[in-house]
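**Student:** This structure is in C-alpha cells; I'll ask about it shortly.
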Amino acid sequence: MQLPEDFIRYTREVMGEERFQRYLESFNEETPVSIRLNPRKTQGWTVTDGAQPVPWCREGYYLPRRPNFTMDPLLHAGCYYVQEAGSMFVSHVLRQHVHQPVTMLDLCAAPGGKSTAAIASLPEGSVLTANEPIRQRANILSENIQKWGYPGCTVTNRYPKDFRKEGRRFDVILCDVPCSGEGMFRRDEATIGEWSMKNVEQCWRLQRDIVSDAWECLNDGGLLIYSTCTFNTKENEENVSWIIGQFGAQVLPVETQPEWNITGSLLDGFTEPVYRFIPGITRSEGLFVCVMRKPAPAPVPLTYPQAIAYLRGEALTLPDDTPRGIVEVSFMGHTLGQVKNIGTRANNLYPKEWRIKTTHIPTDYETILRHTEPHTDRR
C-alpha cells in the first residue's frame, strides 16, 4: 500500500518518528472488528466467545474475527451496530458530561453510528435530531435510526445553515465534520488516492463554516463535540484553536485511562485536552475528539446612548473582551435583546418591527424608575 509522499512527510513530522513507525506497522495488522450492543434489545444476551470489551464504551465489543454481518437477522433487527471502536468514544463523552435530559443535534450523522451511540447514552427523556445534508445518505441514516428503535429520535435532511436560519437551539451539538479521511486509509484503500494537501485545506475551511453555523444553534452553556477521522493538526488542533479564539469556547477534559493509549495534542504550544486515536497505538482506526462548552456570558451593559442606538436598530461597538457570536445586551441590569458580535462591530438583532422610529434622540436619560434596596421583612 503506497501512501502519498506529502502525507508521509507531513504526518511523520506531526506524529514524530516513533509514533509514525508504529502507525505504519499497523498496515500489516488486521483491522479490529467491533460492534456496539443496543441496550434496549439485548438484555439477557451476550456476545460470541472470544469477544473483548471496548474499554471506553460499556456496550462495545471487539470480535475475534469478521463474521458475515449481512446474513445476521439480529443486525437488521437493530440488536447491535457494527461500528469502529474509536467512534464509540462519544458514548463515554456524553455519559461523563451530560447528566440530565437534553436536546441534541448530530449535525453530520450518516450512516448513524454516533447517533445511535448518543441516544443510547443520553439520560432518559432526551431528544436527538440526527441530521444528514446529503439525501441518499439521509435515507441510510433513517433506516439505521428506525432499526435502533429509540423514542425521541428524529432524522432530518438539512444543511447546517438551515438550522441557524430557523433559529433552532440545542443543548448538545455533535459536529463529526467531513474531513480528509486519513483514518480510513486502512479500511478503504481508495481513500488514499483521494488524499491531497489541497483537500486538507478545503476540509478545514468547510469545517469552520459548519462549526460557525452550529455555534449559533448551541444554547449558552451547551456542549459542542468536535470530531474528525483524520490525523493532521490543521483539521484538528488548529481548528479547535480557531474555535476558542473566534467564539470563546471553553475546552473540557474527558477522563481516560493510560492503558487506552489515547494520544493528546500533536501541535506545538497547544495544551488543551484533546483525544486522538492512532492505529498501531490505540485499538482503533483513527479519531480526533475535542469537547467544548459555550460560555454563558452576562449581558453586556450599555450606556444610555448605546441603549437608544440599539433600540433604533444600529450596530454597536462592544468592549474588546466581549465574546464573539450571539451575545445579549442590557441596560441597568435588564436584558434588551441580542447582537452578533464579530469583533469590529456588533450587528443588531433587535426585531425590526420593535425598533424606535423617531428621529429625536434625547441627550440625557429621563429617570422614571429608580433602583432601591430589596424589601426586607423585619418582623
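**Student:** Is segment 42-54 home to any residue that is assigned to a strand (DSSP E or B) and either open to solvent by 30 Å² or more (accessible area, probe 1.4 Å) or modelled with pLDDT under 95 (or both)?
**Tutor:** Yes, there is a match, as at least one residue in segment 42-54 is assigned to a strand (DSSP E or B) and either open to solvent by 30 Å² or more (accessible area, probe 1.4 Å) or modelled with pLDDT under 95 (or both).
**Student:** Can you tell which of R19, R65 is within 30 Å of the chain's Cα centre (by Cα) and open to solvent by 30 Å² or more (accessible area, probe 1.4 Å)?
**Tutor:** R19
**Student:** Let me ask you something else. Taking segment 269-312 as the search range and keeping residues that are in a loop (DSSP other than H, G, I, E, B) and open to solvent by less than 20 Å² (accessible area, probe 1.4 Å), which one is nearest to Y23 (Cα to Cα)?
**Tutor:** The selected residue is I278.
**Student:** Just to be sure before I move on: is T116 modelled with pLDDT of 95 or more and closer than 19 Å to W215 by Cα in the structure I sent?
**Tutor:** Taking the combined requirement at face value, the residue does not satisfy it.
**Student:** Please find, within segment 103-147, the residue that is nearest to L252 (Cα to Cα) out of those that are assigned to a loop (DSSP other than H, G, I, E, B) and among the charged types (D, E, K, R).
**Tutor:** Among those residues, the one meeting the criterion is E124.
**Student:** Now for a separate question. What are the residue pairs meeting all of these: first residue in segment 329-347, first residue of a type in the set (K, R), second residue not in a strand (DSSP E or B), Cβ atoms under 9 Å, and 6 or more apart or on different chains?
**Tutor:** Matching pairs, first to second residue: K340/E216; K340/R324; K340/L349; R345/A315; R345/T317; R345/L318.
**Student:** How many residues does segment 254-268 contain that are within 22 Å of E235 (Cβ to Cβ), assigned to a loop (DSSP other than H, G, I, E, B) and out of contact with any helix residue (DSSP H, G or I) (no Cβ under 7 Å at 6 or more places or on another chain)?
**Tutor:** 5
**Student:** Same structure, new question: Could you check how many residues of segment 361-379 are at pLDDT 80 or above and open to solvent by 100 Å² or more (accessible area, probe 1.4 Å)?
**Tutor:** Residues meeting the conditions: 6.
**Student:** Which one is nearest to K165 (Cα to Cα) among residues in segment 313-327 that are of a type outside the set (G, A, S) and open to solvent by less than 70 Å² (accessible area, probe 1.4 Å)?
**Tutor:** Out of the qualifying residues, it is I326.
**Student:** Before we move on, is I342 out of contact with any Pro (no Cβ under 8 Å at 6 or more places or on another chain), more than 30 Å from K114 (Cα to Cα) and at pLDDT below 95?
**Tutor:** When the stated conditions are applied, I342 passes them.
**Student:** Quick check on my filter: what residues within segment 99-111 are more than 14 Å from the chain's Cα centre (by Cα) and more than 18 Å from C179 (Cα to Cα)?
**Tutor:** If the condition is that a residue be more than 14 Å from the chain's Cα centre (by Cα) and more than 18 Å from C179 (Cα to Cα), then H99, Q100, P101, V102 are the ones that fit.
**Student:** Identify all residues within segment 209-228 that are part of a helix (DSSP H, G or I) and surrounded by 15 or more Cβ atoms within 10 Å (Cβ to Cβ); write none if there are none.
**Tutor:** The answer is I210, V211, S212, D213, A214, W215, E216.
**Student:** Being open to solvent by 30 Å² or more (accessible area, probe 1.4 Å), in a helix (DSSP H, G or I), of a type in the set (V, I, T) and closer than 23 Å to G181 by Cα, is that true of even one residue in segment 71-85?
**Tutor:** no
**Student:** Right, next: Of the numbered conditions (1) in a helix (DSSP H, G or I); (2) loosely packed, with under 15 Cβ neighbours inside 10 Å, Q100 satisfies every one except a single condition; which is it?
**Tutor:** If we test Q100 against (1) in a helix (DSSP H, G or I); (2) loosely packed, with under 15 Cβ neighbours inside 10 Å, just (1) comes out false.
**Student:** Quick check on segment 245-268: of everything there that is within 23 Å of M184 (Cβ to Cβ) and among the β-branched types (V, I, T), which residue is most open to solvent (accessible area, probe 1.4 Å)?
**Tutor:** In this case the residue turns out to be I262.
**Student:** Taking the conditions exactly as written (touching a strand residue (DSSP E or B) at 6+ places or on another chain (Cβ under 6 Å), in a helix (DSSP H, G or I) and either crowded, with 17+ Cβ neighbours inside 10 Å or modelled with pLDDT of 95 or more (or both)), does S91 satisfy them or not?
**Tutor:** When the stated conditions are applied, S91 does not pass them.
**Student:** Right, next: Would you mention how many residues in segment 341-358 are closer than 23 Å to Q246 by Cβ and open to solvent by less than 70 Å² (accessible area, probe 1.4 Å)?
**Tutor:** Adding up the residues that qualify gives 6.
**Student:** Would you mind telling me which numbered condition in (1) of a type outside the set (K, R); (2) under 20 Å from F20 (Cα atoms); (3) open to solvent by less than 50 Å² (accessible area, probe 1.4 Å) E189 fails?
**Tutor:** (3)
**Student:** Within segment 144-164, track down each residue that is more than 19 Å from L218 (Cα to Cα) and open to solvent by 90 Å² or more (accessible area, probe 1.4 Å).
**Tutor:** If the condition is that a residue be more than 19 Å from L218 (Cα to Cα) and open to solvent by 90 Å² or more (accessible area, probe 1.4 Å), then Q146 is the only one that fits.
**Student:** Output the residue which, of all residues in segment 165-180 that are more than 15 Å from the chain's Cα centre (by Cα) and surrounded by fewer than 21 Cβ atoms within 10 Å (Cβ to Cβ), is modelled with the lowest pLDDT.
**Tutor:** Going through the qualifying residues, I end up with G167.
The values are calculated or read from the model by the stated rules, or taken from the named source; none is laboratory data. This is a predicted model, so every value here is computed, not measured. Because the Cβ atoms are built from the backbone with ideal geometry, glycine has one as well, and the counts that use them run over all protein chains shown. Heavy atoms of the whole protein, side chains included, go into the accessibility calculation; ligands, DNA and RNA do not. Shrake-Rupley method; radii C 1.70, N 1.55, O 1.52, S 1.80 Å.
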